[in-house]
């Protein structure tokens, strides 16, 4: 028998994968191709905008828009794409570019492939290119063995999801940064966790999903780390991206996951943690299989 919590969690998992749902824009999207590699999805509304840059984008063909083949290197593609995005930013035509980050993301068909170019982070959804991040679950066990998790509350001034609950530390994977170094960096910057402790975080999983919204398509994969902190350790607010930390029992964490108080993709990362640590049981959770599938979608 499904509980109210189970139903709410299933709705969240489906929401974060709504690009695959019936009625999504997926059937109307054009593939975005660079050097003959499919690297993203472009919503139909973007097509008319990209036609204003005929030297950069080839006309739509066979369901795809391609970056011009004359742009034959990482440097050329990155420079020209930046010029396009700066122009669109000045025209104030696209909401997502108002959150310009001055942070570049690599663009490639698969994570293991050499990057074909880099692109401003805030623009990635316009082209539906894959975004990668690093999320760290912080937890400890009490003397009696009870599992508890550390959660962070995002700053009220964050550009996205201000004031919502988040993982202990997390951040996007910037161009040129390794996954492990990003994990240590985010732990140090956001939670004042010394590198000697942060380096004990174990890469344990990935959580992947694709959703669409007003600002485009978001295929995302988070590299997930588990960090067991000393029982007497307390994270502290660091770079201002977090306003407070909480150390909570698992039942309270589960309750918060399905509230409007949690950043949605971070809730999926915590759900993955709960499954891996046997806090959710397949004999008692009717949607166990749906949860696992929804956390590990092909991008």
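The residues on offer are 248, 274, and the sole one that is part of a helix (DSSP H, G or I), modelled with pLDDT of 95 or more and touching a helix residue (DSSP H, G or I) at 6+ places or on another chain (Cβ under 9 Å) is 274.
Looking at the structure I just gave you, is residue 82 assigned to a strand (DSSP E or B) and touching a strand residue (DSSP E or B) at 6+ places or on another chain (Cβ under 9 Å)? Spelling it out, it is not the case that residue 82 is assigned to a strand (DSSP E or B) and touching a strand residue (DSSP E or B) at 6+ places or on another chain (Cβ under 9 Å). Of the strands (runs of 3 or more DSSP E) lying entirely inside the range 111-193, the ones with 1 or more residues being in the same structural domain as residue 101 (by TED's automatic domain parsing) and more than 15 Å from residue 269 (Cβ to Cβ) are found at 117-120. Only one entry of 177, 108 meets the criterion of being without any contact (Cβ under 8 Å) to a residue 40 or more places away in the chain, under 17 Å from the mean Cα position of the chain (by Cα) and within 30 Å of residue 75 (Cβ to Cβ), and that entry is 177.
Go through the range 58-79 and give me each residue that's assigned to a strand (DSSP E or B) and within 27 Å of the chain's Cα centre (by Cα). Full working, then the answer.
Of the range 58-79, the ones assigned to a strand (DSSP E or B) are 61, 64-67.
Selection gives 64, 65, 66, 67.
Taking the range 201-223 as the range and being surrounded by 16 or more Cβ atoms within 10 Å (Cβ to Cβ) and in a loop (DSSP other than H, G, I, E, B) as the test, the residues that pass are 201, 215.
Being at pLDDT 95 or above and outside any helix (DSSP H, G or I) is the filter here; which residues of the range 282-299 pass it?
Those that are at pLDDT 95 or above and outside any helix (DSSP H, G or I): 282, 283, 284, 285, 286, 287, 296.
Kindly indicate whether residue 22 is assigned to a loop (DSSP other than H, G, I, E, B), under 21 Å from residue 116 (Cβ atoms) and over 20 Å from the mean Cα position of the chain (by Cα). Spelling it out, it is not the case that residue 22 is assigned to a loop (DSSP other than H, G, I, E, B), under 21 Å from residue 116 (Cβ atoms) and over 20 Å from the mean Cα position of the chain (by Cα). Residue 53 meets each of the listed conditions (1) in a helix (DSSP H, G or I); (2) more than 21 Å from residue 109 (Cβ to Cβ); (3) touching a residue at least 12 places away in the same chain (Cβ under 8 Å) apart from (1).
The values are calculated or read from the model by the stated rules, or taken from the named source; none is laboratory data. Keep in mind that this is a model prediction, so the values were computed, not measured. A quick note on method: Cβ atoms are made from the backbone with ideal geometry, for glycine too, and the neighbour counts reach across all protein chains shown.
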